[in-house]
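Working notes, beginning with the structure itself.
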Amino acid sequence: MKIAVIAHDGKKADMVSFVMKRLDFFKRKNVELVGTGTTGTMIEHAGLKVELVSSGPLGGDAQIGAMVTEGTVDCVIFFRDPLDKHPHDVDISMLMRLCDVHNIPLATNYKSAHIMIKYFKNKLD
């Protein structure tokens, strides 16, 4: 199972906290992580292996979108900051649309990500 992790600047600490609280799940050998630039690097520093792509504004969201289209990502956790404007909003919308088109689970906040990971944990057990 490959999980994409993305977080806007104001949500990166929340993403690291989210992953750290669920290390037992994310450290499983049948769980792989792919992350955009800084988010992925921060999670790597927390002790997990992460396949890194570019940062979001430099095309990382589009790279994750391509993985969704290719069927190589099973779910996306994208902690968005809805109160801030982002120069790459077009890429963000594209990624979300691709998740809908390809029926890929997408969590955009802490609670929905918690529910999604809880579901996948039960499914993998």
Review point. By count of other Cβ within 10 Å, fewest leading, how are Thr69, Thr108 ordered?
Key: Thr69, Thr108
Check your understanding: Which part of the range 96-123 falls in the paramagnetic zone of Arg22, meaning amide N under 19 Å from the point 7 Å along Cα-to-beta-carbon?
Key -> 96, 99-100, 103-123
Revision key, fill the gap. In a Gaussian network model of the chain with springs linking alpha carbons closer than 10 Å, the residue among Gly35, Gly60, Gly71 that fluctuates most is Gly71
Check your understanding: If the limit is 20 Å between Cα atoms, which of Lys11/Lys123; Lys11/Lys121; Lys2/Lys121 go over it?
Key -> Lys11/Lys123; Lys11/Lys121
Exercise for review: Kindly state, as a whole number, the per residue volume in cubic angstrom of the convex hull around the alpha carbon atoms of the range 26-83.
Suggested key: 92
Study note, to complete from the structure: Expressed in nanometres to one decimal, the distance between label points 7 Å along Cα→Cβ at Val101 and Thr72 is 1.8
Point to revise | Hydrodynamic radius (Kirkwood) for the range 2-124, which is based on Cα pairs only, to one decimal in Å | key: 14.1
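None of the figures in this text is laboratory data; all of them are computed from the coordinates on show. Source: prediction; values computed, not measured. Note that each Cβ is placed from the backbone with ideal geometry, even for glycine, and that neighbours are counted across all protein chains shown.
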